[in-house]
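What follows is a single structure, written as structure tokens, with notes after it.
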Amino acid sequence: MTVFSLVTNVLLFTSLALVIGVVAARWWVIPPRRPDLRPGAARIGSAGAGVLLLALAMVLTRQMLEFRDPFVPWSDDLSLLLGTSWGTTWKGAVGVGAVLFGALIRAKGGSLIAWVVASAAALVLSAFPALTGHASGGDLSGLTVPADIAHVLAVGCWVGTLAVVLLLERGRRRSGASAAGVLPELIPRFSPLAMASVAVLVLSGTVGMWAHLDGPSAVIETSYGRWLLLKLTLVAGVLVLGAINFRRLLPRLGEEAGADAMRRSATREVALAFVVLAVTAILVRTPPG
């Protein structure tokens, strides 16, 4: 796997998680009494949507390099590639990504319709990895594609939303608008969403393991299995940090020291989750076995 391919997938998965997290934060985490936080969420989302469009352009470049026939012009190869089912899916993703970007720009001004459009676009884009990856191949695609979409949405609602919460917290504290930050308001609303997301993540991940591995021994005997084992180990670490945040630090959010401890622990949780996304970027380019 090349560095370019790795960077492409990391940008794709990270930006997808972020825009899903922004939408989840808008509807479930930011309290109705705090509309002043929504423009900040929209700014984060528009930045994520911009990176997502860049990542999609890199996906096409990578596909062209792999698809390339040196004996025909680039334009012919590009036309042929975009005429395939993969090309149709990619063009759809770019179109929806552009709609997402525009809607989040409009959402900065508080437009409810823009938020609804952005939410629908993020939901549609969550299917892109499934429709262009391992999940769409084989006889079990009717099961693996929905499971993969659920997996992407769960990651976004968990890790993406937590990243948005931390970014909103950082922005409010830097602006001096609130010395205490917004964690005491946002984290209690985020925790139920995180727990539901983890449940979906475990269930959808189990479906993927069952579909893509020939048996328990494949976890050790195949490259796919070993990368998957590493991913599961890292995910377990993220879960431990999340459990610490919920059990030990959530009750202390009313204290300044508790909020500071939550901020540090949640930052470590997001950082470790980013490593998980990097491993996932390798895993999706590794043939299952």
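Looking at (1) in a helix (DSSP H, G or I); (2) touching a residue at least 60 places away in the same chain (Cβ under 8 Å), which is the only condition Pro31 fails?
Among (1) in a helix (DSSP H, G or I); (2) touching a residue at least 60 places away in the same chain (Cβ under 8 Å), the lone unmet condition for Pro31 is (1).
Here are Thr267, Thr280: which of them is among the hydroxyl-bearing types (Ser, Thr, Tyr), touching a helix residue (DSSP H, G or I) at 6+ places or on another chain (Cβ under 9 Å) and open to solvent by less than 60 Å² (accessible area, probe 1.4 Å)?
Values: Thr267 fails: open to solvent by less than 60 Å² (accessible area, probe 1.4 Å).
Within the list Thr267, Thr280, the selection yields Thr280.
Looking at the stretch 252-264 only, could you name the residues that are assigned to a helix (DSSP H, G or I) and either open to solvent by 30 Å² or more (accessible area, probe 1.4 Å) or touching a residue at least 12 places away in the same chain (Cβ under 8 Å) (or both)?
Correct list: Arg252, Glu256, Ala257, Ala259, Asp260, Ala261, Met262, Arg263, Arg264.
Of all residues in the stretch 48-91, which are within 30 Å of Glu169 (Cβ to Cβ) and open to solvent by 60 Å² or more (accessible area, probe 1.4 Å)? Talk me through it step by step, then tell me what you get.
Taking the stretch 48-91 as the starting set, the residues that turn out to be within 30 Å of Glu169 (Cβ to Cβ) are 48-56.
The one that is within 30 Å of Glu169 (Cβ to Cβ) and open to solvent by 60 Å² or more (accessible area, probe 1.4 Å): Leu54.
State which residue is surrounded by the most Cβ atoms within 10 Å (Cβ to Cβ) when the search covers only the stretch 115-141 and only residues that are more than 30 Å from Pro287 (Cβ to Cβ) and touching a residue at least 24 places away in the same chain (Cβ under 8 Å).
Ala118
Kindly check whether there is at least one residue in the stretch 266-282 that is farther than 22 Å from Leu16 by Cα and either in a helix (DSSP H, G or I) or not small (Gly, Ala, Ser) (or both).
Quick first cut of the stretch 266-282, residues farther than 22 Å from Leu16 by Cα only: none.
No, that holds for no residue.
Looking at the stretch 61-79, I want the residues that are more than 23 Å from Asn9 (Cα to Cα) and have a partner that is of a type outside the set (Gly, Ala, Ser) with Cβ atoms under 7 Å, at least 6 apart or on another chain. Which pairs are those?
Asp69/Asp77
Out of the stretch 97-114, which residues are open to solvent by less than 10 Å² (accessible area, probe 1.4 Å) and of a type outside the set (A, V, I, L, M)?
The one that is open to solvent by less than 10 Å² (accessible area, probe 1.4 Å) and of a type outside the set (A, V, I, L, M): Gly97.
Based on this model, can you work out whether Leu153 counts as modelled with pLDDT of 90 or more and assigned to a helix (DSSP H, G or I)?
Yes; evaluated as a whole, the condition is true for this residue.
The values are calculated or read from the model by the stated rules, or taken from the named source; none is laboratory data. All values derive from a computational prediction rather than experimental measurement. When we count neighbours, we look across all protein chains shown, and the Cβ atoms used for this are built from the backbone with ideal geometry, even at glycine. Keep in mind that these areas ignore ligands, DNA and RNA; they rest on the heavy atoms of the full protein, side chains included. Shrake-Rupley method; radii C 1.70, N 1.55, O 1.52, S 1.80 Å.
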